[in-house]
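Encoded as C-alpha coordinates, the structure appears first; notes follow it.
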(Lines give C-alpha, C1' and ligand atoms only; values in the text may rest on other atoms or scores of the structure.)
Protein backbone atom coordinates (compact mmCIF):
# COMPACT_ATOMS: atom_id res chain seq x y z
CA UNK A 1 0.00 0.00 0.00
CA UNK A 2 1.44 3.40 -0.98
CA UNK A 3 1.72 6.29 1.46
CA UNK A 4 -1.10 8.06 -0.42
CA UNK A 5 -3.32 4.98 -0.08
CA UNK A 6 -2.52 4.77 3.65
CA UNK A 7 -3.25 8.49 4.04
CA UNK A 8 -6.54 8.27 2.10
CA UNK A 9 -7.66 4.62 2.35
CA UNK A 10 -11.12 5.41 0.93
CA UNK A 11 -9.90 8.13 -1.42
CA UNK A 12 -10.03 11.90 -1.05
CA UNK A 13 -13.31 13.66 -0.41
CA UNK A 14 -15.05 14.75 -3.59
CA UNK A 15 -18.30 16.66 -3.06
CA UNK A 16 -21.10 14.99 -4.99
CA UNK A 17 -22.57 16.99 -7.86
CA UNK A 18 -26.07 16.08 -6.70
CA UNK A 19 -27.68 14.42 -3.71
CA UNK A 20 -30.45 11.86 -3.51
CA UNK A 21 -32.60 10.90 -0.55
CA UNK A 22 -30.75 7.57 -0.57
CA UNK A 23 -27.41 9.40 -0.30
CA UNK A 24 -28.70 11.43 2.63
CA UNK A 25 -30.02 8.33 4.40
CA UNK A 26 -26.69 6.51 3.86
CA UNK A 27 -24.62 9.43 5.14
CA UNK A 28 -26.80 9.79 8.24
CA UNK A 29 -26.46 6.04 8.80
CA UNK A 30 -22.67 6.34 8.46
CA UNK A 31 -22.70 8.93 11.24
CA UNK A 32 -25.12 6.91 13.33
CA UNK A 33 -23.03 3.75 13.19
CA UNK A 34 -19.53 5.25 13.49
CA UNK A 35 -19.20 5.09 17.29
CA UNK A 36 -20.17 1.41 17.42
CA UNK A 37 -17.98 0.47 14.45
CA UNK A 38 -15.04 2.30 15.98
CA UNK A 39 -15.56 0.64 19.36
CA UNK A 40 -15.78 -2.77 17.68
CA UNK A 41 -12.66 -2.11 15.56
CA UNK A 42 -10.46 -1.44 18.59
CA UNK A 43 -11.94 -4.10 20.88
CA UNK A 44 -9.08 -6.03 22.45
CA UNK A 45 -6.33 -3.54 21.58
CA UNK A 46 -4.05 -2.66 24.46
CA UNK A 47 -2.73 0.77 25.40
CA UNK A 48 0.49 0.30 23.39
CA UNK A 49 -1.32 -0.93 20.26
CA UNK A 50 -3.49 2.20 20.35
CA UNK A 51 -0.24 4.18 20.13
CA UNK A 52 0.55 2.66 16.71
CA UNK A 53 0.65 5.10 13.80
CA UNK A 54 -1.68 4.20 10.97
CA UNK A 55 1.11 5.21 8.57
CA UNK A 56 4.68 6.49 8.98
CA UNK A 57 4.43 10.12 10.07
CA UNK A 58 0.69 9.79 10.71
CA UNK A 59 -1.33 9.95 13.87
CA UNK A 60 -1.62 7.06 16.27
CA UNK A 61 -4.92 5.21 16.55
CA UNK A 62 -5.39 6.95 19.91
CA UNK A 63 -4.94 10.37 18.27
CA UNK A 64 -7.35 9.44 15.47
CA UNK A 65 -10.07 8.51 17.97
CA UNK A 66 -9.56 11.66 20.04
CA UNK A 67 -9.51 13.70 16.81
CA UNK A 68 -12.84 12.23 15.70
CA UNK A 69 -14.44 13.32 18.99
CA UNK A 70 -13.00 16.84 18.69
CA UNK A 71 -13.79 17.19 15.00
CA UNK A 72 -17.35 15.97 15.30
CA UNK A 73 -17.90 18.14 18.38
CA UNK A 74 -17.00 21.07 16.12
CA UNK A 75 -19.27 19.67 13.41
CA UNK A 76 -22.27 19.63 15.73
CA UNK A 77 -21.54 23.23 16.72
CA UNK A 78 -21.11 24.31 13.09
CA UNK A 79 -24.39 22.71 12.07
CA UNK A 80 -26.24 24.32 14.98
CA UNK A 81 -24.74 27.71 14.13
CA UNK A 82 -25.89 27.31 10.51
CA UNK A 83 -29.39 26.38 11.70
CA UNK A 84 -29.72 29.36 14.02
CA UNK A 85 -27.72 32.10 12.29
CA UNK A 86 -27.65 33.41 8.75
CA UNK A 87 -24.56 31.99 7.01
CA UNK A 88 -22.23 32.24 10.04
CA UNK A 89 -18.46 32.27 9.77
CA UNK A 90 -17.28 29.26 11.75
CA UNK A 91 -14.17 29.07 13.90
CA UNK A 92 -11.50 26.77 12.48
CA UNK A 93 -9.07 24.99 14.77
CA UNK A 94 -5.55 23.62 14.41
CA UNK A 95 -6.27 19.90 14.50
CA UNK A 96 -2.60 18.91 14.24
CA UNK A 97 -1.83 21.04 17.30
CA UNK A 98 -4.84 19.68 19.18
CA UNK A 99 -3.47 16.16 18.58
CA UNK A 100 -0.37 17.11 20.58
CA UNK A 101 -2.27 18.28 23.67
CA UNK A 102 -2.08 16.16 26.86
CA UNK A 103 -5.69 14.92 26.65
CA UNK A 104 -4.76 12.99 23.49
CA UNK A 105 -2.73 10.64 25.72
CA UNK A 106 -5.83 9.66 27.70
CA UNK A 107 -7.44 6.27 27.22
CA UNK A 108 -9.86 6.40 24.29
CA UNK A 109 -13.00 5.61 26.28
CA UNK A 110 -13.84 9.27 27.06
CA UNK A 111 -13.66 10.13 23.36
CA UNK A 112 -15.75 7.08 22.41
CA UNK A 113 -18.40 8.22 24.90
CA UNK A 114 -18.22 11.76 23.48
CA UNK A 115 -18.68 10.41 19.95
CA UNK A 116 -21.71 8.38 21.02
CA UNK A 117 -23.39 11.45 22.50
CA UNK A 118 -22.36 13.84 19.74
CA UNK A 119 -23.58 11.45 17.06
CA UNK A 120 -26.91 10.91 18.84
CA UNK A 121 -27.45 14.68 18.80
CA UNK A 122 -26.22 15.06 15.23
CA UNK A 123 -28.38 12.23 13.86
CA UNK A 124 -31.47 13.57 15.68
CA UNK A 125 -30.90 16.97 14.07
CA UNK A 126 -30.18 15.58 10.61
CA UNK A 127 -33.22 13.30 10.60
CA UNK A 128 -35.45 16.32 11.27
CA UNK A 129 -34.12 18.51 8.44
CA UNK A 130 -36.41 20.08 5.87
CA UNK A 131 -35.27 20.85 2.33
CA UNK A 132 -34.63 24.44 3.41
CA UNK A 133 -32.45 23.36 6.31
CA UNK A 134 -30.24 21.24 4.04
CA UNK A 135 -29.59 24.39 2.01
CA UNK A 136 -28.51 26.44 5.05
CA UNK A 137 -24.79 27.03 5.18
CA UNK A 138 -21.77 28.32 7.01
CA UNK A 139 -18.60 29.98 5.78
CA UNK A 140 -15.18 28.48 6.42
CA UNK A 141 -12.87 31.49 6.91
CA UNK A 142 -9.67 29.76 5.75
CA UNK A 143 -11.04 28.83 2.33
CA UNK A 144 -13.84 31.37 2.10
CA UNK A 145 -16.10 28.52 0.97
CA UNK A 146 -19.80 28.66 1.73
CA UNK A 147 -20.62 25.09 2.79
CA UNK A 148 -24.22 23.90 2.69
CA UNK A 149 -25.33 21.49 5.39
CA UNK A 150 -25.97 18.82 2.75
CA UNK A 151 -22.37 19.14 1.61
CA UNK A 152 -21.29 19.16 5.26
CA UNK A 153 -23.19 15.91 5.81
CA UNK A 154 -21.43 14.30 2.84
CA UNK A 155 -18.08 15.57 4.13
CA UNK A 156 -18.49 14.34 7.70
CA UNK A 157 -19.82 10.96 6.57
CA UNK A 158 -16.68 10.67 4.43
CA UNK A 159 -14.57 11.90 7.39
CA UNK A 160 -16.08 9.20 9.60
CA UNK A 161 -15.34 6.44 7.10
CA UNK A 162 -11.90 7.88 6.29
CA UNK A 163 -10.69 7.67 9.88
CA UNK A 164 -12.52 4.42 10.56
CA UNK A 165 -10.51 2.95 7.67
CA UNK A 166 -7.28 4.23 9.25
CA UNK A 167 -8.19 2.25 12.35
CA UNK A 168 -9.47 -0.91 10.65
CA UNK A 169 -6.55 -1.12 8.21
CA UNK A 170 -4.06 -0.79 11.09
CA UNK A 171 -5.90 -3.41 13.14
CA UNK A 172 -5.73 -5.79 10.14
CA UNK A 173 -1.91 -5.50 10.33
CA UNK A 174 -2.03 -6.60 13.99
CA UNK A 175 -4.22 -9.57 13.04
CA UNK A 176 -1.88 -10.59 10.20
CA UNK A 177 1.07 -10.65 12.63
CA UNK A 178 -0.81 -12.86 15.12
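The values are calculated or read from the model by the stated rules, or taken from the named source; none is laboratory data. The structure displayed is predicted, hence computed values, not measured ones. Heads up, the Cβs are rebuilt from the backbone with ideal geometry, glycines too, and the neighbour counts pull from every protein chain shown.
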Go through region 2-16 and count every residue that is out of contact with any helix residue (DSSP H, G or I) (no Cβ under 8 Å at 6 or more places or on another chain) and either in a loop (DSSP other than H, G, I, E, B) or loosely packed, with under 14 Cβ neighbours inside 10 Å (or both).
-> 7
Among the candidates 19, 47, residue that is buried (at least 16 other Cβ atoms within 10 Å of the Cβ), out of contact with any strand residue (DSSP E or B) (no Cβ under 6 Å at 6 or more places or on another chain) and at pLDDT below 95 | 19
Having 3 or more residues that are surrounded by 15 or more Cβ atoms within 10 Å (Cβ to Cβ) and under 15 Å from the mean Cα position of the chain (by Cα) is the bar; report the helices (runs of 4 or more DSSP H) wholly within region 64-165 that clear it.
-> 109-127
Would you pick out the residues in region 166-178 that are in a helix (DSSP H, G or I) and more than 14 Å from the chain's Cα centre (by Cα)?
-> 168, 169, 170, 171, 172, 173, 174, 175, 176, 177
